[in-house]
1. Here is a list of conditions, (1) on the phi < 0 side of the Ramachandran plot; (2) crowded, with 20+ Cβ neighbours inside 10 Å, and LYS132 meets all of them except one; can you say which number that is?
2. Among the residues of segment 31-87, write down those that are of a type in the set (A, V, I, L, M) and touching a Ser or Thr at 6+ places or on another chain (Cβ under 8 Å).
3. Since VAL111 meets every condition but one in (1) on the phi > 0 side of the Ramachandran plot; (2) buried (at least 21 other Cβ atoms within 10 Å of the Cβ), which condition does it not meet?
4. What are the residues in segment 117-141 that are under 19 Å from MET178 (Cα atoms) and at pLDDT 95 or above, if any?
5. Being open to solvent by 50 Å² or more (accessible area, probe 1.4 Å) and β-branched (Val, Ile, Thr) is the filter here; which residues of segment 136-189 pass it?
6. If a residue must be within 28 Å of THR88 (Cβ to Cβ) and exposed (fewer than 12 other Cβ atoms within 10 Å of the Cβ), how many such residues does segment 18-50 contain?
7. I need the full set of residues from segment 72-98 which are more than 24 Å from the chain's Cα centre (by Cα) and either in contact (Cβ under 8 Å) with a residue 40 or more places away in the chain or open to solvent by 40 Å² or more (accessible area, probe 1.4 Å) (or both), in order please.
8. Take the conditions among the small types (Gly, Ala, Ser) and under 28 Å from ARG194 (Cβ atoms) and apply them to SER99. Does it pass?
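The values are calculated or read from the model by the stated rules, or taken from the named source; none is laboratory data. On a predicted model such as this, the values are computed, not experimentally measured, just so you know. Every residue, glycine among them, receives a Cβ derived from its backbone with ideal geometry; neighbour counts consider all protein chains shown. Heavy atoms of the whole protein, side chains included, go into the accessibility calculation; ligands, DNA and RNA do not. Shrake-Rupley method; radii C 1.70, N 1.55, O 1.52, S 1.80 Å.
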Amino acid sequence: MANPKPLMAQSSGTDSADAAVQSALRTLDAEGSGIAALSAALQSDLRTPFVAAADLIRNAKGRLIVTGLGKSGHIGRKIAATFASTGTPAFFVHAAEASHGDLGMITPDDVILALSWSGEQPEMKNLITYAKRFRIPVIAMTAERESSLAKAADVALALPKAREACPHNLAPTTSSLMMLALGDALAIALLEGRGFTSVDFSVLHPGGKLGALLKYTRDLMHSGDAVPLKPLGTKMSEALVEMTSKGFGCVGIVDSSGHLAGIVTDGDLRRHMGPDLMTATVDEVMTRNPKTIDRDVLAGEALEILNSSKITTLIVTDANKPVGIVHLHDFLRAGVA
């Protein structure tokens, strides 16, 4: 008689996988409901305090001090990092450590953003007392508008009540996500309000792939003698030597004024392949009005042009005069692609 255990194990594994997916879907549904409730609140009761909080942070002479404990503390660290990376000077101070010397990090010019779902953590007491003593504005982010923290704050961001994704309604899940989302919303509102640009962003993000994307074309391009160029009227035999020696698979063609008139690529060679190709002039073979790019375009945008146009090389121009060339490999080496 065949042993049924392998079949039962397979069925059990399938059931387990289905249960895990269903659990994940319930979690996402619960957390999505929390975000939806937050969005609705911003269009009603939360609207005025949100604007007031944004104004307080925007007009602060000092920095935004984000504080919290437990899961709220972890969320606070991320919120502080988001503010700092989008043009609002900010850092995190642990509410418990504040009572042991870290209050010295906070100045009268700062604004405090205190996170607490219940608004009743005793560790917050000394920090709030310090804020009142030195008239440091406090923004509370809490679900309890009648809590000690909310009442002590200059502005109370009262989050709507929402059920945690935890089946016991205990583990901070939905609540943590709502705090994170509201912190992001504040940071982006301030970013857009002050006109924070991608150029500003690049100053604060010089490292990693993000930093690479925020480099400029001028940082990656080849210039001078490295740029393959030939004038109009050049024989294709000479143009081919230029293409081969420079190694970019193309050669830019310039007119008598030095303006870019066209480009000869590997594709142009294939389209005009024949016995007379080498004796023809570049004028007969080149592609006129080729795609070019400015030296001050961000690397991320340049890469998008390469991808969308399905090409590997762009000539960099200034007032339609070639000043450099960039290849897809340059973006790969820089960590952009």
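1. Single failed check for LYS132: (2).
2. Within segment 31-87, ILE57, LEU64, LEU69, ILE75 meet the criteria.
3. (1)
4. ILE139, ALA140, MET141
5. ILE188
6. 4
7. Within segment 72-98, the subset more than 24 Å from the chain's Cα centre (by Cα) is 93-98.
Hits for segment 72-98 are HIS94, GLU97.
8. no
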